[in-house]
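The values are calculated or read from the model by the stated rules, or taken from the named source; none is laboratory data. Here the structure is a predicted model, which is why all the values come from computation and not from measurement. So basically every Cβ, Gly included, is an ideal-geometry build from the backbone, and we count neighbours across all protein chains shown.
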Amino acid sequence: MSARVSRLDLTRIAFWNLFLQASYGTGRRQALGIAAAMASIRGLWSTPEDRRAFLLRHLEPMNTNPVMAGPLLGAMARLEERAAGGDAEAVSRMVHMRRVLEGPLAATGDALFWAGLRPLAGLAGSVIAWQCGALGPIVFVVLYNAVHLPVRLGGVFWGHAKAERVLELMRARWVMRLRVAVRWGIPVFGLCLVALGASVEALPRWTVAPAAVAGVFLGSRSLVRGGLLAGGAIMVGLILSAVFSPSLP
Amino acid sequence: MSFDPGTWALLLGLGLWTALDQSACLQLLVSQPLVASWLAGWIAGDAASGLAVGVLLQGVWSRSLPLGASPLPFLGPAAVVGGALAACAPGPRVGLSPVLVIPEAVPLAILLWVSIAVGELGRPLLQRIYRRRGALVEMALTGAGEGRASRVRLAHLMGLVPTGLLGMSLVAAGLLVGTSGLDIAPHVHTDGRWVALPVLGVGVGQACSLSMKRRAWIWGAAALVLGVAVALT
């Protein structure tokens, strides 16, 4: 049996990575998704005992950011390749790498994608939707996935090439640039949306800025959940509408 | 008001897609309100109203992050409900922007509340699904013990079923409750922008607090000055 992981195998891992959280649970977290993806290279192991051990070790609990799982899966595939090729220490190094990296990759991925790129693309899409309609959601999806898909899918190939040096991802130049773009892009697009809201030619335009201040103040202190805060804003808006605009012409 | 069977089927299908897209598979962010509400509005016959509600809801949940094992509100189904109800809300529309329109204040408040309720109700229900994966794990471990990767993958993909069913159920329940609410709501012709603009404001503020945690007051001051200056001109 050839102990090589082909590009087709890596493509299969990347495909299954899109379904990483299909069976997410509080116990084993993403373990079943990891095992389903890694099963693409089960051919590295020829004996039934080795295949059993291979599948069982990838069913151990694991939790990381699903986007950042791509490079980690690629690195794990490389170490499995080495183990199948006769490196006696490769399996223990892979288990250790998985345990050590899942947390930092999760923190980086959550900050970069969920708390960074998603709100940035959301605000940019909203500003465009305000002016151009349907182009807004399209820009939102394209902008997010232009970063998301290369990392999630291409990351498998990159991780396979880097193996245990996969942590270099967190110091990559594009990661730093994306952090800067998020830090400045979110406030800029947010201010654009406030200006657009305040430019509406009707009396309610005066409610936008105070509501934004309330949102940023309560949000930055995590005092109120978004849904509850919006519920309160709806109530205030209803009262104001009853007071100031009893009826439309 | 109600939808015809074809529209129901398409909205339930969109509910299924967005429920799975949020976390279980792909995660292309079709489940985010900006996209899901727009698509739902388009299916229900008024894309501009659906998109306007999507813009409002996008900010509302911008600070909801799936950190650790804590699930998000069920954004996809919630946004589908909001977009579809916006399209079928009674009464005249008022322009929020050159291309976005919204219903009157009372129908808008009802559909936003129903949408937010669907999203928040989905959170504990998703958590319950996450806690009950024991049978799938057993199936996967048995398959791995027999060296059968196909069984591991089958167990894994079966995890999509309860998430998808929950998403479709929430869309159906939200649409039924929402259309009933819109039917019995008092017909008071008030400007919907009184409701829309405060929600837009708090949503934008929430989103911006993500990137300026320690210096959020700077952004707040800038937003206040800019908002007042633009409103004055």
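Filter the stretch A:217-234 down to residues that are in a helix (DSSP H, G or I) and either at pLDDT below 90 or more than 7 Å from every other protein chain (Cβ to nearest Cβ) (or both), then give me how many there are.
So the count comes out to 8.
Looking for something under 29 Å from residue B:124 (Cβ atoms) and not in a helix (DSSP H, G or I) - is there at least one such residue anywhere in the stretch A:33-54?
No, the stretch A:33-54 contains no residue that is under 29 Å from residue B:124 (Cβ atoms) and not in a helix (DSSP H, G or I).
Look at residue A:135 and say whether it is among the aliphatic types (A, V, I, L, M) and in contact (Cβ under 8 Å) with a residue 40 or more places away in the chain.
In short, no.
I'd like to know if the stretch A:65-86 contains one or more residues that are polar (S, T, N, Q), part of a helix (DSSP H, G or I) and out of contact with any strand residue (DSSP E or B) (no Cβ under 6 Å at 6 or more places or on another chain).
The answer is no, given that none of the residues of the stretch A:65-86 is polar (S, T, N, Q), part of a helix (DSSP H, G or I) and out of contact with any strand residue (DSSP E or B) (no Cβ under 6 Å at 6 or more places or on another chain).
Which numbered condition in (1) surrounded by fewer than 24 Cβ atoms within 10 Å (Cβ to Cβ); (2) touching a helix residue (DSSP H, G or I) at 6+ places or on another chain (Cβ under 7 Å); (3) of a type outside the set (A, V, I, L, M, F, W, C) is the only one that residue B:227 fails?
Every condition holds for residue B:227 apart from (1).
Restrict the check to the stretch B:116-134 and report whether at least one residue is at pLDDT 95 or above, closer than 18 Å to residue B:47 by Cβ and within 11 Å of another protein chain (Cβ to nearest Cβ).
No, the stretch B:116-134 contains no residue that is at pLDDT 95 or above, closer than 18 Å to residue B:47 by Cβ and within 11 Å of another protein chain (Cβ to nearest Cβ).
Could you tell me whether residue A:102 is of a type in the set (Asp, Glu) and under 25 Å from residue B:151 (Cα atoms)? Quick ask: steps written out before the conclusion?
Details: of a type in the set (Asp, Glu): yes; under 25 Å from residue B:151 (Cα atoms): no.
So residue A:102 does not fit the description; no.
Checking residue A:15 against (1) over 26 Å from residue B:161 (Cβ atoms); (2) within 19 Å of the chain's Cα centre (by Cα), only one condition comes out false. Which one?
Going through the list (1) over 26 Å from residue B:161 (Cβ atoms); (2) within 19 Å of the chain's Cα centre (by Cα), residue A:15 breaks only (1).
With the condition kept exactly as written, say whether any residue in the stretch A:145-152 is part of a loop (DSSP other than H, G, I, E, B) and away from chain B (no Cβ under 12 Å). It would help to see each step written out before you state the result.
Taking the stretch A:145-152 first, the residues part of a loop (DSSP other than H, G, I, E, B) are none.
No, the stretch A:145-152 contains no residue that is part of a loop (DSSP other than H, G, I, E, B) and away from chain B (no Cβ under 12 Å).
With respect to the numbered conditions (1) touching a Leu at 6+ places or on another chain (Cβ under 8 Å); (2) part of a loop (DSSP other than H, G, I, E, B); (3) surrounded by fewer than 24 Cβ atoms within 10 Å (Cβ to Cβ), which one is the sole condition not fulfilled by residue B:48?
Of (1) touching a Leu at 6+ places or on another chain (Cβ under 8 Å); (2) part of a loop (DSSP other than H, G, I, E, B); (3) surrounded by fewer than 24 Cβ atoms within 10 Å (Cβ to Cβ), only one is false for residue B:48: (2).
Please report, ordered by residue number, the helices (runs of 4 or more DSSP H) entirely within the stretch B:136-232 with at least 1 residues that are within 21 Å of residue A:200 (Cα to Cα) and either among the β-branched types (Val, Ile, Thr) or facing another protein chain (nearest Cβ under 7 Å) (or both).
In the stretch B:136-232, B:193-211, B:216-232 are the helices (runs of 4 or more DSSP H) which contain 1 or more residues that are within 21 Å of residue A:200 (Cα to Cα) and either among the β-branched types (Val, Ile, Thr) or facing another protein chain (nearest Cβ under 7 Å) (or both).
Taking the stretch B:36-75, which residues are closer than 22 Å to residue B:211 by Cβ and among the hydrophobic types (A, V, I, L, M, F, W, C)?
B:55, B:56, B:57, B:60, B:61, B:65, B:67, B:72, B:75
Would you check if residue A:98 is surrounded by fewer than 19 Cβ atoms within 10 Å (Cβ to Cβ) and more than 13 Å from chain B (Cβ to nearest Cβ)?
Taking the combined requirement at face value, the residue does not satisfy it.
Just to be sure, is residue A:244 surrounded by fewer than 19 Cβ atoms within 10 Å (Cβ to Cβ), free of Cβ contacts under 8 Å to residues at least 60 places away in the same chain, under 16 Å from residue B:205 (Cβ atoms) and not small (Gly, Ala, Ser)?
Values: surrounded by fewer than 19 Cβ atoms within 10 Å (Cβ to Cβ): yes; free of Cβ contacts under 8 Å to residues at least 60 places away in the same chain: yes; under 16 Å from residue B:205 (Cβ atoms): no; not small (Gly, Ala, Ser): yes.
Criteria not met by residue A:244.
Read through the list (1) within 14 Å of chain B (Cβ to nearest Cβ); (2) part of a helix (DSSP H, G or I), then give the number of the only condition that residue A:21 fails.
Residue A:21 satisfies all of (1) within 14 Å of chain B (Cβ to nearest Cβ); (2) part of a helix (DSSP H, G or I) except (2).
When you go through B:112, B:108, B:170 one by one, which is the residue that is in contact with a strand residue (DSSP E or B) (Cβ under 6 Å, 6 or more places away or on another chain), of a type outside the set (S, T, N, Q) and under 30 Å from residue B:193 (Cβ atoms)?
Result: B:108 is the single residue among B:112, B:108, B:170 that is in contact with a strand residue (DSSP E or B) (Cβ under 6 Å, 6 or more places away or on another chain), of a type outside the set (S, T, N, Q) and under 30 Å from residue B:193 (Cβ atoms).
Would you point out the residue of the stretch A:183-226, among those that are more than 25 Å from residue B:233 (Cα to Cα) and basic (Lys, Arg), that is surrounded by the most Cβ atoms within 10 Å (Cβ to Cβ)?
A:225
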